Each structure stands twice: as structure tokens, then as C-alpha cells.
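Enquirer: First, the structure itself, so that you have it in front of you.
The values are calculated or read from the model by the stated rules, or taken from the named source; none is laboratory data. What you see is a predicted model; the values in this text were computed from it and never measured. Here the Cβ positions follow ideal geometry from the backbone for every residue, glycine too, while neighbour counts run over all protein chains shown.
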């Protein structure tokens, strides 16, 4: 009798948990296989849509080696690289499925990429996402990194815009985008993408941003960067102190004396190294978030009302959302 009891104790303590774990593992594997099968079916369906709607620009093999691509500026995205500009994930990461779906749905302003929401059903666009991913092995080998969180926006005021202007200056955004945001900075004429194609710095005065024009969209772009372009992620570059900006001599060739004096006066108001070191991690993050929003507010303020010619012959005919 004692041996029987010992057997049951051993079974409950040792064998049963292993059996239950094994069953859970089998269910998990089965669920993954079902999901893979579902994604394969979606990709197969997406191939048909791709050949009709996307192939002329992006090519049969997703490499954008097409006759049409030769005449397009900017060039269509080469899906074989697995590198995408418009993401909610950190620089260098793969995009999420939702990122790809959003670009397909809304199109890319100022390019030949239309908003396919006007022509394809939601399911067709979802299927396209899965098919486009088959062009690059990166999607088989890696998963997208965790998305960058966008905190609640602080209110835009003349004060936050003024702060953003100084940040724009000291972070040298003007080098590419120009002092007034028109994309005519001293480096603008020499810009090239990762594949050595000439690329234009964006004209902020236009207001229609390729990755989305809302404040949240711009915040995201500043912090993720645009992979494959000279536009890096600025996520970690908002950490600066009074001492770190004491030397402004590198601005003398590009900014006026009055502008440099204004920057110097602003630098005097910044937090010191000692005070920054004394901040908690939470306090530092609050400071950085404020600075990021300040830059967004300033860049947004550069948008100018377009004339009747633009509205009549360009804006109203653009196929993006």
C-alpha cells in the first residue's frame, strides 16, 4: 500500500507536470503552424494582387529593377533589401506588419506611391503585406524590435516653438533642411541614399510629410529615422547640457552673428552637467520628451499656406491619402 502511495506521489510531482508541459508545448507548436499556414495562404493571395498593382514599379522579384523605375524620383522601394523608411520600430529594425499596411493604405506623399485604400480592399492590402515580406530573408530570420512609444503630446505654444527653433539650430537640422526649412541647406545638394542615388532633403514648408503629417507622425520619424537615407534617428541626441554647447564656433560659417548670439543666450539657460547628473531616470526622460516635442512644434510651424496653383494642379490630383 505504501508503495502505491509513493507511486502516485511520484506521478503527481514528477510525471504529470512534464506531461502537461508537453501538451502545452504541442498546442503552442500547432498554433504556430496554423499561423504560418494562414500567412502562406495570405502571401499566395497577395502575389496575384502584387502582379497587377505593384509589379510595374517594384518589379517581378521586388528589386525595383523595372523600366518604369528609371523615370521615377524617388526610386521605388526595393523589397529585396528588407529595409524600410516608415516604421514605428527603432533604426535598423524591421517594420511591423501594421507599418507596411499603413504605407500601402495611405501611400507616400510627393511620390508615385498612391494610397491603395482607394483601389484595394483591406484583405487585399493585408495579403500584400505578407507577399512583400517574402522578397527578403530578413523577415524569416528576425522579428521587428519593440515599437518606440509616442508619449502624450505637450501643448504647442509660442514658447515651445521658440525652444524648438533653438534645438533645430544646435542639432544642425538646417545643414540639410535649411534655415527656413525649405530643404536648401548647405549639405542638401550632396545628399545620397544608401545606394548612392541622389536624394532631396525634405521641404518642411510643404507640410505633406511622406511618413505622415500629424504631430505624432513627425515625432515618430524624428525618433526612428528613415532607414537607407541620410536622415538618422535622433532618439538619443536630445541629451545636451550647457557645458556641452559652450563652443559655437562651428556655426560661424553658416549662421548669422545675430543667430549665434541668440543661440548662446539660450544655451546659458540650459541645465548644467551637475544638475543633469542629479536627475533620476524618470526626470531625464521627461526632459528629453519635452525637447522632442519642442522640435516637432517648431518644424510643424514652418508649414506655409500653398497658393492656388499648388492646390489646383498638384494637391487635388495627388493620389495619396
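Enquirer: Taking into account only those residues within the stretch 45-60 that are free of Cβ contacts under 8 Å to residues at least 60 places away in the same chain and touching a helix residue (DSSP H, G or I) at 6+ places or on another chain (Cβ under 9 Å), which is farthest from residue 71 (Cα to Cα)?
Expert: Of the residues in the stretch 45-60, the ones free of Cβ contacts under 8 Å to residues at least 60 places away in the same chain are 48, 51-52, 55-60.
Of the ones still in play, those that are also touching a helix residue (DSSP H, G or I) at 6+ places or on another chain (Cβ under 9 Å) are 48, 56-60.
On the way: 48: 25, 56: 12, 57: 10, 58: 13, 59: 14, 60: 18 Å.
Applying the filter and picking the extreme gives 48.
Enquirer: Now, a different point. Scan the stretch 177-186 and tell me whether some residue there is closer than 30 Å to residue 249 by Cβ, in the same structural domain as residue 266 (by TED's automatic domain parsing) and assigned to a helix (DSSP H, G or I).
Expert: To start, the set of residues in the stretch 177-186 that are closer than 30 Å to residue 249 by Cβ comprises 177-186.
Going one step further and asking which of them are in the same structural domain as residue 266 (by TED's automatic domain parsing), we end up with 177-186.
With assigned to a helix (DSSP H, G or I) added as a condition, the list becomes 177.
Checking the stretch 177-186: at least one residue is closer than 30 Å to residue 249 by Cβ, in the same structural domain as residue 266 (by TED's automatic domain parsing) and assigned to a helix (DSSP H, G or I).
Enquirer: Does the stretch 125-138 include one or more residues that are outside any loop (DSSP other than H, G, I, E, B), under 22 Å from residue 250 (Cα atoms) and either at pLDDT 95 or above or in contact with a strand residue (DSSP E or B) (Cβ under 7 Å, 6 or more places away or on another chain) (or both)? Let's see the steps before the verdict.
Expert: Within the stretch 125-138, the subset outside any loop (DSSP other than H, G, I, E, B) is 125-133, 138.
Now narrow it down to the ones that are under 22 Å from residue 250 (Cα atoms): none.
There is no residue in the stretch 125-138 that is outside any loop (DSSP other than H, G, I, E, B), under 22 Å from residue 250 (Cα atoms) and either at pLDDT 95 or above or in contact with a strand residue (DSSP E or B) (Cβ under 7 Å, 6 or more places away or on another chain) (or both).
Enquirer: Separate question: Only one of (1) farther than 30 Å from residue 219 by Cα; (2) modelled with pLDDT of 90 or more is not met by residue 26, so which one is it?
Expert: Among (1) farther than 30 Å from residue 219 by Cα; (2) modelled with pLDDT of 90 or more, the lone unmet condition for residue 26 is (2).
Enquirer: For residue 271, only one of the following conditions fails: (1) over 30 Å from residue 206 (Cβ atoms); (2) surrounded by 11 or more Cβ atoms within 10 Å (Cβ to Cβ); (3) under 29 Å from the mean Cα position of the chain (by Cα). What is its number?
Expert: Answer for residue 271: the failing condition is (3).
Enquirer: Since residue 271 meets every condition but one in (1) over 21 Å from residue 99 (Cβ atoms); (2) assigned to a helix (DSSP H, G or I); (3) free of Cβ contacts under 8 Å to residues at least 60 places away in the same chain, which condition does it not meet?
Expert: (2) is the only condition that residue 271 fails.
Enquirer: Let me ask something else. Kindly provide the set of residues from the stretch 205-217 that are in contact (Cβ under 8 Å) with a residue 12 or more places away in the chain and within 9 Å of the chain's Cα centre (by Cα), ordered by number.
Expert: Restricting attention to the stretch 205-217, the residues satisfying the condition of being in contact (Cβ under 8 Å) with a residue 12 or more places away in the chain are 205-213, 215-216.
Listed by number, the list holds a single entry, 211.
Enquirer: Further, regarding this structure: Kindly indicate which of 197, 208, 250 is at pLDDT below 90 and crowded, with 16+ Cβ neighbours inside 10 Å.
Expert: Working: 197 fails: crowded, with 16+ Cβ neighbours inside 10 Å; 250 fails: crowded, with 16+ Cβ neighbours inside 10 Å.
Unique residue meeting the criteria: 208.
Enquirer: I've got another one for you. Report yes if residue 163 is part of a helix (DSSP H, G or I), assigned by TED's automatic domain parsing to the domain that holds residue 261 and in contact with a helix residue (DSSP H, G or I) (Cβ under 8 Å, 6 or more places away or on another chain), otherwise no. Reasoning before the result, please.
Expert: Working: part of a helix (DSSP H, G or I): yes; assigned by TED's automatic domain parsing to the domain that holds residue 261: yes; in contact with a helix residue (DSSP H, G or I) (Cβ under 8 Å, 6 or more places away or on another chain): yes.
Against the criterion (part of a helix (DSSP H, G or I), assigned by TED's automatic domain parsing to the domain that holds residue 261 and in contact with a helix residue (DSSP H, G or I) (Cβ under 8 Å, 6 or more places away or on another chain)), residue 163 qualifies.
Enquirer: If you don't mind, another one. (1) at pLDDT below 95; (2) buried (at least 16 other Cβ atoms within 10 Å of the Cβ); (3) not in a loop (DSSP other than H, G, I, E, B): which one isn't true of residue 298, the others all being true?
Expert: Checking residue 298 against (1) at pLDDT below 95; (2) buried (at least 16 other Cβ atoms within 10 Å of the Cβ); (3) not in a loop (DSSP other than H, G, I, E, B), the one that fails is (1).
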